[in-house]
Every structure is written in structure tokens, then in C-alpha cells.
Amino acid sequence: MGNHELYMRRRKPDTIEVQQMKQQAREERALKLAEQERLNKEMSAREQAEARQREAEDRMRRMAEDMERAKRELLEAQNTIQNLEKQLRQLQLAKEALENKEVELRELTAQLQSEKMMSDEERRKLRDEVAQRENEVQEMRSEVQRQTEVTHRLQDEIEMARREAISKTSVVNHTTHAKEALENKEVELRELTAQLQSEKMMSDEERRKLRDEVAQRENEVQEMRSEVQRQTEVTHRLQDEIEMARREAISKTSVVNHTTHITHTMLTREENHTDEDENFATDLTNEADQHVPQRELDRVTAAEQNQSIKTKLEMLTRELEVVKDERAVPDYDVLHMENKRAGRDKYKTLRQIRGGNTKRRIDQYENM
């Protein structure tokens, strides 16, 4: 028999007061353990809620950046569409101007062919020049017709792109509203969680109701997160489509720019073609030609004979100067325009050369 058995035999039973005190102490320890366990669970739930909140805030910040980028790309696409429409209108105006010039060219051709005072050589040259200009106008008409077809096709594609941009804008706005609703739900969830953590004196029924409400709000927030995630995927897909539309708009802009450049170049070529043979100055002398008759120095052109033709030619030249593209002008045309501004032409240059030869012969005779 051990000491414990001896102690238990001789030990007196506890009194009622001692038994009550022990029972009260056991109940207090159980309550403390239950309270500690409840606090640990609430702290863990709060940490998880804060982690989910931070994650949701990061996702919303990334979504906001993506949506801002999508809006900027939409705005750039709309600006590109507007620029395309403007260039298409300019192309239409150039086409109308071309038609007007064709009418004026036909009238001028008819009037030139009706002149009886010009020589056979000048009449032949004018006929060749008119035929060449008619060929150029025909080529220009074919080019404008082809570009007009391209313009109509571009207009249809621009209209489709505008409709797609409107639909994409509505989707982005819907995503924005969903994000705002998610933010409001998360704010309400944080308030309820804080209220649940701060309330220590509420009854079990109130605490249960509050927990049920928090769980319901968490479910709503989770559903809204799923919806926002789906809208985010739709937004990314729309961004890819916007990028493709932007690249197509850039390619279409290059086509329209090429069309405008061709139109301006052909108009400039029509103006400057008749002056290509007058761009070179010569320094050659030939003494064998001293006694040859110089009828070209005393020539009278058809434009000088008929003042109305001269006026129309000058007016047509001024109008073509307005639509001429300076970047497409060749070097020979630049040299010719400088000679015209300085008042130089091949006949004046020839006269100066012959005058120099005469003076040189006089000097040689005096020095003999």
C-alpha cells in the first residue's frame, strides 16, 4: 500500500464551500478557454479578411489601370477615325477640283484649236501638248476613280469601327460600375467586421445575426469579385481588339496619305509639264550660226495673240499653285521657277550669248 492510498483513506472530504469554489474555478477556466478560442478565431478571420481586402484592392488598382489604358486607346482610335474621315473629305474635294480643271482644260483646248493666227509648227506643238495633257488627265481620272472605290470601302470600315468602339465603351462603363459596387460592398464588409470585433457585450442572438450578415456580405462580395474578374477578361479581350483596330487604322491612314500625295503630284505634273524643256541654260557658242535668221527671238505665241487665253492660263496656274505639294516638286521644276522669277528664259539666254560673240569679234578686230 502506497502513501497515496494511505492519504486517500485518512483524507477528509471537502466541505460544501470548497466544492462550490472548485466548481466555480472550473467554470471560470472553461469560460476563459472558450473566450480565448473565440478571440483566436475572430483574429484569424480578421487577418484573412484583411488579406482578402488587400488582394481585392490590388486587383481593383490593376483593373483601374487597365481600364484607363483601354479608355486612352479608345480615344486614340476615335481620333484616328476622325483623321481618316478628314482625309477622305480632302480627297473628295481634290476629286471635285480635278473635275473642274478637266472642264477648264477642255474649254481651253477647244479655244486653242479654234485659233487661226498661229503657225503650223506652233499648232502642231499645241496639239501634241493638249493630247499629252488629255492623257495625263485620263490617267489622273482613272487613279481618282480607283481611290474613290478605296475611299468608299474605308468609309464602311470606319463606320464598323465606330460601332465597335461604342459597344466597347459600353462594356468598359459596365465594368466600371461593377468595380464601384464591389468597392461599396467591401466597405460595408469592413464596417461589419469592425463592429463584430468591437462588440463584446452583445447577446448570443445578436452576435449570431451579425455573423450571418457578415457571411452573407462575404458571399455577395465573392460573387461580385467573380463578376469583376469576368469583366476584366472581357476588357483584356477588347484591348486586344482595339490594338488590332488601331493598327488597321494606321494602315488605312497610310493608304489615304498615298492617295492624296498621288493626286497632288499629278496636278503639279499637269502644271509643270509644259515647262520641262526650258529648265536648262546653255553656254555653248557656235560662230557658224551668226548669220542664221533668228525667227524664234521675234516669235509671238498664241497666248500673247489672244489676251483671254493668256488670262485663263495665268488663272489656272495660280489655282494649281494652291493645291501643289512643295515636297513632291522635282529639282528641275524648282530651277525653272527660279528662272521665271528672275525673268530668264532660253531666248534671252541665247540673245545674251550672241551679243557676247558679237562683242568678242569687235574686240578682236580692234586689237588687230
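Residues of region 5-25 that are outside any helix (DSSP H, G or I) and surrounded by fewer than 11 Cβ atoms within 10 Å (Cβ to Cβ): R11, K12, P13, T15.
Just one residue in the set E102, E134 is over 30 Å from E157 (Cα atoms), modelled with pLDDT under 75 and surrounded by 14 or more Cβ atoms within 10 Å (Cβ to Cβ); that residue is E134.
The residues in region 295-346 that are touching a His at 6+ places or on another chain (Cβ under 8 Å), modelled with pLDDT of 75 or more and of a type in the set (D, E) can be counted, and the count is 0. Count of region 31-44 residues, restricted to those that are surrounded by 11 or more Cβ atoms within 10 Å (Cβ to Cβ) and without any contact (Cβ under 8 Å) to a residue 40 or more places away in the chain, is 4. For G2, only one of the following conditions fails: (1) closer than 30 Å to D325 by Cβ; (2) exposed (fewer than 10 other Cβ atoms within 10 Å of the Cβ). What is its number? Going through (1) closer than 30 Å to D325 by Cβ; (2) exposed (fewer than 10 other Cβ atoms within 10 Å of the Cβ) one by one, G2 breaks only (1). With respect to (1) surrounded by 14 or more Cβ atoms within 10 Å (Cβ to Cβ); (2) over 30 Å from V187 (Cβ atoms); (3) not hydroxyl-bearing (S, T, Y), the lone exception for E28 is condition (1).
Within region 61-82, track down each residue that is closer than 14 Å to E233 by Cα and surrounded by 12 or more Cβ atoms within 10 Å (Cβ to Cβ). Those that are closer than 14 Å to E233 by Cα and surrounded by 12 or more Cβ atoms within 10 Å (Cβ to Cβ): M63, A64, D66, M67, A70. Cβ-Cβ distances below 6 Å connect the following pairs, each with a first residue in region 314-328 that is within 16 Å of E104 (Cα to Cα) and in a helix (DSSP H, G or I), a second residue that is charged (D, E, K, R) and modelled with pLDDT under 75, and a separation of six or more residues or different chains: L320/E271.
The values are calculated or read from the model by the stated rules, or taken from the named source; none is laboratory data. Computed from a predicted structure; not experimentally measured. No Cβ is skipped: glycine too gets one built from the backbone with ideal geometry, and neighbour counts run over all protein chains shown.
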